[in-house]
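The values are calculated or read from the model by the stated rules, or taken from the named source; none is laboratory data. Not measured: the values here are computed from a predicted model. Cβ: placed from backbone, ideal geometry, glycine included. Neighbour counts: every protein chain shown. Surface areas here come from the heavy atoms of the whole protein model, side chains and all, with no ligands, DNA or RNA. Shrake-Rupley method; radii C 1.70, N 1.55, O 1.52, S 1.80 Å.
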Amino acid sequence: MKVYFILFFLCFGLTSHAQKQEVQKSIELFFEGFHQKDSTKIKRVCSDKMILQSISESQSKGNKLSNETVNEFYKSLAKIPSTMKFQEKILNYNIQVDGAMAHVWAPYEFFINDKLSHSGVNTFTLFKEKDSWKIIYLIDTRRK
C-alpha cells in the first residue's frame, strides 16, 4: 500500500512539474518575441482577448492603473526604434497550476540601452487551450 501511495505522489509531482515547465515556456516565448519585436511569435502564446494592465507607482504622483488593448500593444511594439535596445530580465518564476488555469508571478528588471529603467512584478494568467497555454491576462507593476 505504501508503494502505491508513494508512486501516486511521485507521478502527481512529475505531472505538476511538467505543466509548470510548459507554462514557463509560454512566458519565455512571449519575452523572446517581445525582445525581437516579433508580434507573430507573441501571438502564438497570447489570447486574442488578452487583457493588459499596468500599475505605475510614484510617491509624488500616486499610483496609476492603465489599460492597453492587444492591438495597441502590438502597434506600440512595432513603433520601438531599431536603435533602442531593451531587455526585460525575469528574476524568477512562481508558477501555480490548477487544471486549465495557471498563474505566474515574475519579478523583473527592465533595461533600456543597458541602463535600468524600472522594476516590478509581472503577473500572468494563462488558460490551457487544447495543447497549449495562452496568456489571457497580464498586469505589471512599475517603479523607478
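Please determine, by comparing only the residues of segment 84-102 that are touching a Phe, Trp or Tyr at 6+ places or on another chain (Cβ under 7 Å) and assigned to a strand (DSSP E or B), which one is farthest from Y137 (Cα to Cα).
Taking the candidates together, the pick is F86.
Of everything in segment 45-83 that's part of a loop (DSSP other than H, G, I, E, B) and in contact (Cβ under 8 Å) with a residue 60 or more places away in the chain, which residue is most open to solvent (accessible area, probe 1.4 Å)?
That would be E57.
Regarding K128, is this residue over 14 Å from the mean Cα position of the chain (by Cα), within 20 Å of K20 (Cα to Cα) and in a strand (DSSP E or B)?
Against the criterion (over 14 Å from the mean Cα position of the chain (by Cα), within 20 Å of K20 (Cα to Cα) and in a strand (DSSP E or B)), K128 qualifies.
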